[in-house]
Amino acid sequence: MSVYKRYKGKRISSSHPRYADARWWIYKRLKGKTIHQSIPEAKTKQEAELAERQIIKASFDHSYSVADTTTTLASFIEKKYRPYVEQNNINKGAKDLYIRLLLKHFKKQTIGSITPQDCRNCRAKLQDRQNKRKKESALSPASINRVMSTLSKIFSLACEEGIIDRNPMQYVKALPEPPPRRRLLDEEQKKALWRELEKHPLLYRLIVLAVNLPLRRGQLMAITEDVIDFEHEQILVIGSKGRPPRLVPINATAAAMLKEMIADGQLPFPVNDFRKRWHTALREAGINKKGGTREENYHFHDLRSYFASELIKRNTNPLIVQNLFAHSDMSITTIYAQADKKQMLEAVKLLDDVANMNSETGSSNDSD
């Protein structure tokens with residue numbers, strides 16, 4: 001039996017002078033779980049051993065309960081996880097996709113029978129899964145980590161409900177992810193892009209709004225006349241990534257563009273082939289290459305960096321940029337708020353004055 005006496009944080013033997021006053025403790029490893037606790041009620045070793053047997057039995061009864069052997073992952077998701085997603089305003093569309101991928105692997109498997117190795121096997125299958133849009137490329141590590149994070153949350157809820165006693169995902173490491181993409185256009189590329197966009201009026205209007213508003217493409221495409229408040233210079237935009245709708249300020253450029261679009265009946269955006277138009281414009285401008293890699297090509301999402309970097313270039317407080325994006329953490333904002341080569345060169349040139357000042361001071365001292 002793994003019972004012992006402990007005094008002032010140390011395990012002691014029967015020869016210790018304070019053995020009679022010390023408290024009995026249990027230390028037991030069970031199914032990967034450590035049971036380590038004191039038994040203040042036990043006065044003798046026999047009582048401590050009896051308490052140990054009762055604790056172990058309770059642990060087994062909990063681990064091998066009826067629900068553990070009958071509740072499938074699919075049924076638990078429908079009864080518990082989906083309501084959790086709804087109540088916490090989590091991105092339902094993304095979670096629906098992750099659930100489909102998980103159930104495709106686990107099918108009708110009971111939630112209590114899923115082991116850490118089963119989770120690793122699922123992750124390996126996701127790594128090998130072929131992307132429907134580009135048959136030669138698999139899901140990115142970041143996408144796979146989001147799917148596995150969803151699985152981990154499902155297990156955590158199952159632990160809270162008493163269906164399982166541990167989360168098997170705690171033993172599964174996340175895949176290493178590449179650093180965030182950092183893609184800014186230089187001045188020549190910006191000019192080439194705007195020249196090309198002028199050939200496509202509707203696309204031009206969308207990009208003008210994209211570089212003047214801190215919104216994602218889906219939010220821009222969903223703008224309607226009734227959510228715009230020109231008097232108070234703000235617009236109510238739909239939530240993204242599970243966040244609620246929010247008010248966003250609009251400048252004169254965005255307001256003028258929105259008024260033109262309302263007059264022409266172009267809200268919401270009447271575009272069905274946006275992706276084709278956008279990538280064609282980028283290739284014609286000489287910015288993207290056909291078959292170019294993710295790092296080489298420019299994406300619509302990179303316009304968020306365009307927006308943030310232009311604000312930073314104009315000495316906008318980074319905290320204001322963070323609030324415009326509705327980021328919970330400044331570290332997320334810094335991914336978008338980048339400095340181009342010209343800005344960095346201008347920054348280091350500011351030190352030229354310091355060098356000149358030191359030189360003049362040295363000359364003055366020499367003359368003294």
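The values are calculated or read from the model by the stated rules, or taken from the named source; none is laboratory data. These numbers come from a predicted model, not from an experiment. Cβ: placed from backbone, ideal geometry, glycine included. Neighbour counts: every protein chain shown.
Inside the range 2-17, can you point out the residues that are loosely packed, with under 10 Cβ neighbours inside 10 Å and either of a type outside the set (S, T, N, Q) or in contact (Cβ under 8 Å) with a residue 24 or more places away in the chain (or both)? If the condition is that a residue be loosely packed, with under 10 Cβ neighbours inside 10 Å and either of a type outside the set (S, T, N, Q) or in contact (Cβ under 8 Å) with a residue 24 or more places away in the chain (or both), then LYS8, GLY9, LYS10, PRO17 are the ones that fit. Of all residues assigned to the range 251-259, at least one qualifies as being out of contact with any strand residue (DSSP E or B) (no Cβ under 9 Å at 6 or more places or on another chain), buried (at least 16 other Cβ atoms within 10 Å of the Cβ) and assigned by TED's automatic domain parsing to the domain that holds HIS200. Would you be able to say whether some residue in the range 20-30 is under 29 Å from SER149 (Cβ atoms), at pLDDT below 90 and not acidic (Asp, Glu)? Looking through the range 20-30, at least one residue is under 29 Å from SER149 (Cβ atoms), at pLDDT below 90 and not acidic (Asp, Glu). Being at positive phi and either small (Gly, Ala, Ser) or in a helix (DSSP H, G or I) (or both), is that true of even one residue in the range 264-281? Looking through the range 264-281, at least one residue is at positive phi and either small (Gly, Ala, Ser) or in a helix (DSSP H, G or I) (or both).
So, of the residues in the range 294-336 that are among the hydroxyl-bearing types (Ser, Thr, Tyr) and surrounded by 14 or more Cβ atoms within 10 Å (Cβ to Cβ), which turns out to be modelled with the highest pLDDT?
Among residues in the range 294-336 that are among the hydroxyl-bearing types (Ser, Thr, Tyr) and surrounded by 14 or more Cβ atoms within 10 Å (Cβ to Cβ), the one modelled with the highest pLDDT is TYR298.
When GLN170 is tested against the conditions (1) exposed (fewer than 15 other Cβ atoms within 10 Å of the Cβ); (2) touching a Phe, Trp or Tyr at 6+ places or on another chain (Cβ under 9 Å); (3) under 26 Å from ALA285 (Cα atoms), the lone failure is (3).
The residue of the range 185-223 that is farthest from ILE312 (Cα to Cα), among those that are part of a loop (DSSP other than H, G, I, E, B) and in contact with a Lys or Arg (Cβ under 8 Å, 6 or more places away or on another chain), is HIS200. Condition check for GLY218 on (1) at pLDDT below 90; (2) small (Gly, Ala, Ser); (3) touching a helix residue (DSSP H, G or I) at 6+ places or on another chain (Cβ under 8 Å): one failure, at (3).
Within the range 278-293, is there a residue that is over 28 Å from the mean Cα position of the chain (by Cα), crowded, with 16+ Cβ neighbours inside 10 Å, of a type outside the set (Ser, Thr, Tyr) and under 28 Å from GLU225 (Cα atoms)? Yes - at least one qualifying residue is present in the range 278-293. Considered as a group, the residues in the range 47-62 that are small (Gly, Ala, Ser) and either assigned by TED's automatic domain parsing to the domain that holds LEU103 or at pLDDT 80 or above (or both) include one that is surrounded by the fewest Cβ atoms within 10 Å (Cβ to Cβ), and that residue is ALA51.
Determine if the range 155-170 includes at least one residue that is under 15 Å from the mean Cα position of the chain (by Cα), among the polar types (S, T, N, Q) and closer than 21 Å to LYS95 by Cα. Looking through the range 155-170, none of the residues is under 15 Å from the mean Cα position of the chain (by Cα), among the polar types (S, T, N, Q) and closer than 21 Å to LYS95 by Cα.
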